[in-house]
1. For segment 363-376, give me each residue that is part of a strand (DSSP E or B) and either within 24 Å of Arg347 (Cβ to Cβ) or out of contact with any Leu (no Cβ under 6 Å at 6 or more places or on another chain) (or both).
2. Mind checking whether some residue in segment 236-244 is assigned by TED's automatic domain parsing to the domain that holds Ala346 and more than 20 Å from Ala395 (Cβ to Cβ)?
3. Of all residues in segment 179-217, which are out of contact with any Ser or Thr (no Cβ under 6 Å at 6 or more places or on another chain) and among the small types (Gly, Ala, Ser)?
4. With the structure loaded, tell me whether Asn394 is in the same structural domain as Gln269 (by TED's automatic domain parsing) and crowded, with 24+ Cβ neighbours inside 10 Å or whether it fails that test.
5. Among the residues of segment 101-113, what is the count of those that are over 18 Å from Arg211 (Cα atoms) and surrounded by fewer than 18 Cβ atoms within 10 Å (Cβ to Cβ)?
6. Can you pull out the residues in segment 319-377 that are of a type in the set (Asp, Glu) and in contact with a Gly (Cβ under 8 Å, 6 or more places away or on another chain)?
7. Just to confirm my filter: which strands (runs of 3 or more DSSP E) fall fully inside segment 138-229 and include at least 2 residues that are assigned by TED's automatic domain parsing to the domain that holds Pro106 and without any contact (Cβ under 8 Å) to a residue 40 or more places away in the chain?
8. Of the residues that sit in segment 220-235 and are surrounded by 14 or more Cβ atoms within 10 Å (Cβ to Cβ) and in contact with an Asp or Glu (Cβ under 8 Å, 6 or more places away or on another chain), which one is nearest to Gln295 (Cα to Cα)?
Amino acid sequence: MLAAALGVAAAATVAATSSLTVVTSASAAAPGGGPKGGSPSIDYHAWTTLTDWRRGSAAGTRVRPGARPGVVIDRPVGTFEYTDPHTHTTATWEYATWTALVRDLPTPATELIASWNARTPAGTWLQVELRAAYTDGTRTPWYVLGRWTSGDASGDIRRTSVDGQGDGRSNVSTDTLAIDKPESGLRFTSYELRLTLHRKPGTDLTPTVWRLGAMGSDIPDRFTVPASRPGEGAGRTLPVPRHSQEIHKGQYPEYDNGGEAWCSPTSSQMVLAYWGREPTAEDLAWVNPAYDDPQVCHAARFTYDYQYAGCGNWPFNAAYAATYRDMQGLVTRLRSLRDVEKLIRARIPVITSQSFLAAELDGAGYGTAGHLMCVVGFTEAGDVIANDPASPSNAAVQRVYKRRQFENIWLRTKRYNAQGQVRSGSGGVCYLYFPTRPAPRQIAALAELGIR
């Protein structure tokens with residue numbers, strides 16, 4: 001099931017800058033703070049290059065150059081005592097920080113979602129924080145958007161989101177920072193990201209962070225979205241391996257019990273397998289040998305958010321994907337299935353987040369308050385070919401869903417549940433996973449969507 005808060009969402013008209021990763025709406029901001037004429041907007045921006053990292057403000061960190069430059073601990077600036085709310089263990093950690101330059105949003109936003117790529121050896125962990133400026137000139141506090149570790153060795157902290165954060169005008173729900181009352185016209189106009197890297201005192205261990213990014217978005221509430229016509233993805237299907245979450249039902253209650261709770265890690269593992277990245281036999285030694293597809297169990301364990309008590313934290317899944325050799329992952333929004341088609345043509349599958357009643361998606365056979373699946377292609381008529389992990393077997397995973405139905409349940413921001421109550425939709429949220437050195441066609445497709 002979906003872990004993130006499903007709230008006001010956005011899609012966008014796209015433009016990329018030369019040195020920064022940007023997606024921006026072509027419309028100007030309206031006087032009330034929202035997009036002019038109700039036009040959607042989205043801005044994804046990432047720090048990935050040597051120049052990006054060197055432009056930030058370092059306190060005890062340094063930039064490690066190379067083919068994949070990143071931020072590491074140089075000389076810690078102090079110590080920090082942390083009591084893990086999930087293990088109830090108190091430990092002292094050395095720390096150092098890196099703070100990005102302020103990112104001015106091309107169009108004010110109602111939501112911000114951060115994502116990152118890193119590796120944390122045993123005995124280390126990292127914290128990602130965000131502080132935003134409002135349209136009235138004031139600022140939010142520093143919000144924690146994740147305390148993260150790529151492992152879970154004894155003595156390490158437990159990977160966690162942080163509940164209860166808000167200032168009366170905005171709040172954090174698992175992995176999403178959102179304006180409390182978008183109808184008021186209040187918006188975010190800019191933001192800063194801060195990394196705090198931790199390690200056990202007296203060691204030379206360090207996390208390494210290769211990518212840090214955030215998405216700001218704003219879109220009017222909508223129950224339906226404009227239909228897109230089939231484009232360049234029609235008639236193309238990618239050979240993405242098929243994994244069912246349902247064959248894991250009841251497995252590992254400590255990681256939310258398999259079954260419907262594992263849609264996000266199952267989708268992530270399908271795409272990783274497509275790129276030729278799988279856990280090693282040593283990695284999987286902990287899994288019960290009687291279980292099929294142990295790599296899905298592995299993905300669930302290492303995406304698990306101990307505060308949310310589930311595996312669907314959006315940035316935690318992207319971060320997990322990037323722990324594999326030469327892989328990167330991010331969370332963003334796309335504006336229509338035409339954007340997905342660009343990626344499919346470039347041989348990049350797309351993991352989408354949606355919620356719907358059973359009657360709203362023919363052939364699914366179920367309804368859900370939040371579910372992840374992987375778009376792997378399109379029929380000649382433009383209908384969606386999806387690897388849907390909510391299937392009884394691996395063989396049944398690949399489905400064909402009507403284009404109009406799929407696009408609407410994915411892109412809308414409002415919906416009705418089975419009781420007739422208004423609930424939120426993801427507004428086009430997706431995960432994108434791709435190699436650190438994509439093929440030229442993939443580079444071009446990502447750049448066309450404002451991603452590098």
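The values are calculated or read from the model by the stated rules, or taken from the named source; none is laboratory data. Keep in mind it's a predicted model, so treat the numbers as computed, not measured. Glycine gets a Cβ as well: all are built from the backbone with ideal geometry, and neighbour counts include every protein chain shown.
1. Across segment 363-376, the qualifying residues are Thr368, Ala369, His371, Leu372, Met373, Cys374, Val375, Val376.
2. no
3. Ser184, Gly185, Ser190, Gly202, Ala214, Gly216, Ser217
4. On the way: in the same structural domain as Gln269 (by TED's automatic domain parsing): yes; crowded, with 24+ Cβ neighbours inside 10 Å: no.
Considered against the rule, which asks whether it is in the same structural domain as Gln269 (by TED's automatic domain parsing) and crowded, with 24+ Cβ neighbours inside 10 Å, Asn394 comes out as no.
5. To start, the set of residues in segment 101-113 that are over 18 Å from Arg211 (Cα atoms) comprises 104-111.
Filter once more, keeping what is surrounded by fewer than 18 Cβ atoms within 10 Å (Cβ to Cβ): 104.
The number of residues fulfilling the criteria is 1.
6. Restricting attention to segment 319-377, the residues satisfying the condition of being of a type in the set (Asp, Glu) are 326, 339, 341, 360, 362.
Result: Glu341, Glu360.
7. Values: elements: 143-148, 170-173, 176-179, 188-199, 208-218.
Here the list reads 143-148, 170-173.
8. From segment 220-235, those surrounded by 14 or more Cβ atoms within 10 Å (Cβ to Cβ) are 220-222, 225, 228, 230-234; that's our starting set.
Then drop every residue that is not in contact with an Asp or Glu (Cβ under 8 Å, 6 or more places away or on another chain), which leaves 225, 228, 230-234.
Values: Val225: 36, Ser228: 36, Pro230: 34, Gly231: 34, Glu232: 33, Gly233: 29, Ala234: 31 Å.
My answer is Gly233.
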